[in-house]
Amino acid sequence: MSKIASFSRKVLISSVRQLAPYLIIGPRRLVLIGAIAAVALAIIFYPLIVQTPFDPERVAIQLAGVELLSGSEGEQRLDLRVAFQITNTNEFTLTTSRIVYDLFADGAPVGSDTLSYEDVPVNGRPAFFSNEPVTISDTMTLQYTDEMAGLFSRILNNSTDINWRVSGSATIESGTTLQEKRFSDEL
């Protein structure tokens, strides 16, 4: 029995001061590491914790106009300005990072294009304020082909009887949430 009594009974550690002699890292460094870990976790999980719920169906994307910017028959290409009017009826200010669309003239496909703000910081993108229509535009280049000769000449002659139609999708974003919005409209 005398052998059992010689063992140390320091099994229960009840404070950091008692633990400090056994650690390589001191108590101050342990608190600093814990604080840094808490900040890092807050930054990583912030988008998951704080979401701005919005309804993408309350964002209306309409074709505002298609007009000739430049071009001639000699160049065999036309630059068209495609304008979209976007109205946000959500209570949050929203923005977009990308609009992908197909343009049609009198039912015939004219081309596809992407209006991208992905490389622009959020504060430089177009802001869609609540109940305020915003017009954004893109330049689409139309190359001359034999199939498009009739449309080419009608555009060059400023014809107003062209039935323009657009369909596509837009990535609508709030500060922490993004959702896809499909749209289709015609003039």
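Summary table
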| read-out | value |
| --- | --- |
| Residue that is modelled with the lowest pLDDT, among those in the range 126-179 that are of a type in the set (Gly, Ala, Ser) and touching a strand residue (DSSP E or B) at 6+ places or on another chain (Cβ under 8 Å) | SER174 |
| Verdict on GLY65 being more than 17 Å from LEU151 (Cβ to Cβ) and either out of contact with any Leu (no Cβ under 7 Å at 6 or more places or on another chain) or in contact (Cβ under 8 Å) with a residue 24 or more places away in the chain (or both) | no |
| Matching residues in the range 99-120 - criterion: being surrounded by fewer than 18 Cβ atoms within 10 Å (Cβ to Cβ) and over 30 Å from ALA149 (Cβ atoms) | SER116, GLU118, ASP119, VAL120 |
| Qualifying positions in the range 18-49 - over 30 Å from THR177 (Cα atoms) and either in a loop (DSSP other than H, G, I, E, B) or at pLDDT 70 or above (or both) | LEU23, ILE24, ILE25, GLY26, PRO27, ARG28, ARG29, LEU30, VAL31, LEU32, ILE33 |
| Checking ALA108 against (1) without any contact (Cβ under 8 Å) to a residue 60 or more places away in the chain; (2) in contact with a strand residue (DSSP E or B) (Cβ under 9 Å, 6 or more places away or on another chain); (3) not basic (Lys, Arg), the condition it does not meet | (2) |
| Residue within the range 59-79 that is over 22 Å from the mean Cα position of the chain (by Cα), under 28 Å from SER130 (Cα atoms), outside any helix (DSSP H, G or I) and of a type in the set (A, V, I, L, M, F, W, C) present | yes |
| Of residues in the range 68-83 being surrounded by 14 or more Cβ atoms within 10 Å (Cβ to Cβ) and free of Cβ contacts under 8 Å to residues at least 60 places away in the same chain, the one farthest from GLN179 (Cα to Cα) | ARG81 |
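Results for (1) hydrophobic (A, V, I, L, M, F, W, C); (2) in a loop (DSSP other than H, G, I, E, B); (3) not assigned by TED's automatic domain parsing to the domain that holds PHE84, shown as yes or no for each residue.
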position	(1), (2), (3)
THR95	no, no, no
VAL100	yes, no, no
LEU103	yes, no, no
PRO126	no, yes, no
GLU132	no, yes, no
SER137	no, no, no
LEU142	yes, no, no
GLY150	no, no, no
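The values are calculated or read from the model by the stated rules, or taken from the named source; none is laboratory data. Since the structure is predicted, the reported quantities are computational estimates derived from the model, not experimental observations. Note that each Cβ is placed from the backbone with ideal geometry, even for glycine, and that neighbours are counted across all protein chains shown.
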